[in-house]
Amino acid sequence: MFGRHKAATLVAEFLGTGALTLLILSVQRSTIGVPFFIAAAAGLTVTLMWLAVGKKSGGYFNPALVIGFWTVRKINTATAVLYIAVQLLGAWAAYGLYTYLVNNTLQPVGGEFSSRILVAETVGTALFAFGVAAAIYQRLTVAVTATMAGLALMIGIIAASPASLGLLNPAVALGVRAWVLGTYVLGPVLGAIIGINLYALLFADKGSNSSAKVVAAPAAVTKKPVAKKKKAPAKKKK
């Protein structure tokens, strides 16, 4: 049934992806649109949105991460499809809001297919996804997971920036007008699959039942002291 909890998870992914796309657009198209500042803005945005709504949905905000965690069976197919749909909608809404604010349309920036861009996006996303997988599989606290996700995204963007825009996210690629299937879509997907599966195969504890969504630890159960039965007084012999 589509209740309040399901609606909250979808809205969380919509808002998170939209905020990420809007911040990247704002920095990328400004006078400080250099890779470090774009990476810092993206990392801080992911950290903030993860702290705000990440526990509701898992804090993916990226179709590539959804596909990556789907390959290791941490997210089911129906949920993955819904998440990817709302993430793309969130990015497209961010594009619409940005063009309204600047009162101008944006020209495509993705260029044509290039193997160097494909490799850069794959490597950058693999680094990012590896960091996120480490936080998820180790079941770290919400604050630490959010911080790791933000830092991993910063590192991934900086690593990819010599050859690409360093988007590492197909939804963001849609929002910034860089939707090129062979580079800014395929590259992040391949990178996420590699990074997450690499961590799952080599570094995750065997038999780990952690989910891709961080869940609050259950409260400790205190056992009630069992009252000792009083022994009946021994009967006096006559």
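The values are calculated or read from the model by the stated rules, or taken from the named source; none is laboratory data. Since we're looking at a predicted model, the values are computed, not measured. Virtual Cβ from ideal backbone geometry, glycine too; neighbours counted across all protein chains shown.
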Assuming Thr122 fulfils every condition listed in (1) modelled with pLDDT of 95 or more; (2) among the hydroxyl-bearing types (Ser, Thr, Tyr); (3) over 20 Å from Leu48 (Cα atoms); (4) surrounded by fewer than 21 Cβ atoms within 10 Å (Cβ to Cβ) apart from one, which condition is it? (4)
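Every residue, every condition in (1) under 13 Å from Ala192 (Cα atoms); (2) touching an Asp or Glu at 6+ places or on another chain (Cβ under 9 Å), yes or no:
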| site | (1), (2) |
| --- | --- |
| Ala129 | yes, no |
| Tyr137 | no, yes |
| Val142 | no, no |
| Thr147 | no, no |
| Ala152 | yes, no |
| Ala159 | no, no |
| Gly166 | no, yes |
| Asn169 | yes, no |
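When you scan region 25-43, how many residues do you find that are in a helix (DSSP H, G or I) and more than 13 Å from the chain's Cα centre (by Cα)? Even if it seems obvious, please write down each step before you answer.
Let us first name the residues in region 25-43 that are in a helix (DSSP H, G or I), namely 25-28, 35-43.
Still in the running and more than 13 Å from the chain's Cα centre (by Cα): 25-28, 35-41.
Matching residues across region 25-43 total 11.
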For Gly111, all conditions in the list (1) of a type in the set (Gly, Ala, Ser); (2) part of a helix (DSSP H, G or I); (3) surrounded by fewer than 21 Cβ atoms within 10 Å (Cβ to Cβ) hold save one; what is the number of the exception? (2)
Could you say whether any residue in region 135-146 is among the small types (Gly, Ala, Ser), buried (at least 16 other Cβ atoms within 10 Å of the Cβ) and modelled with pLDDT of 95 or more? yes
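Hey, can you tell me all the residues within region 97-108 that are assigned to a helix (DSSP H, G or I), loosely packed, with under 13 Cβ neighbours inside 10 Å and either in contact with a Phe, Trp or Tyr (Cβ under 8 Å, 6 or more places away or on another chain) or not hydrophobic (A, V, I, L, M, F, W, C) (or both)? Reasoning before the result, please.
We begin by selecting, within region 97-108, every residue assigned to a helix (DSSP H, G or I); these are 97-102.
Subsequent filtering for residues that are loosely packed, with under 13 Cβ neighbours inside 10 Å retains 100-102.
Once the filter is applied, which keeps residues that are assigned to a helix (DSSP H, G or I), loosely packed, with under 13 Cβ neighbours inside 10 Å and either in contact with a Phe, Trp or Tyr (Cβ under 8 Å, 6 or more places away or on another chain) or not hydrophobic (A, V, I, L, M, F, W, C) (or both), region 97-108 yields only Tyr100.
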Over region 164-193, the set of residues surrounded by fewer than 24 Cβ atoms within 10 Å (Cβ to Cβ) and at positive phi is Arg177
Where Lys55 falls short, out of the listed (1) among the charged types (D, E, K, R); (2) closer than 15 Å to Val132 by Cβ; (3) modelled with pLDDT of 95 or more: (3)
Here is a list of conditions, (1) surrounded by 24 or more Cβ atoms within 10 Å (Cβ to Cβ); (2) outside any loop (DSSP other than H, G, I, E, B); (3) not β-branched (Val, Ile, Thr), and Leu198 meets all of them except one; can you say which number that is? (1)
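For the structure I just gave you, tell me whether Val176 is among the β-branched types (Val, Ile, Thr), more than 20 Å from Phe69 (Cα to Cα) and in contact with a Lys or Arg (Cβ under 6 Å, 6 or more places away or on another chain). Explain how you work it out, then say what you get.
Numbers: among the β-branched types (Val, Ile, Thr): yes; more than 20 Å from Phe69 (Cα to Cα): yes; in contact with a Lys or Arg (Cβ under 6 Å, 6 or more places away or on another chain): no.
For Val176, the condition - among the β-branched types (Val, Ile, Thr), more than 20 Å from Phe69 (Cα to Cα) and in contact with a Lys or Arg (Cβ under 6 Å, 6 or more places away or on another chain) - is not met.
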Test each condition in (1) at negative phi; (2) touching a helix residue (DSSP H, G or I) at 6+ places or on another chain (Cβ under 9 Å) for Asn104 and report the one that comes out false. (2)
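Return the only residue of Ala12, Ala7 being of a type in the set (A, V, I, L, M, F, W, C) and under 16 Å from the mean Cα position of the chain (by Cα). Spell out how you get there, then give the answer.
Working: Ala7 fails: under 16 Å from the mean Cα position of the chain (by Cα).
Criteria check complete, one pass: Ala12.
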Considering only region 23-44, state which residues are surrounded by fewer than 22 Cβ atoms within 10 Å (Cβ to Cβ) and either more than 18 Å from Ala152 (Cα to Cα) or of a type in the set (Val, Ile, Thr) (or both). Ser26, Val27, Arg29, Ser30, Thr31, Ile32, Gly33, Val34
Can you tell me how many residues in region 48-82 are in a helix (DSSP H, G or I) and either of a type in the set (A, V, I, L, M) or surrounded by fewer than 21 Cβ atoms within 10 Å (Cβ to Cβ) (or both)? 18
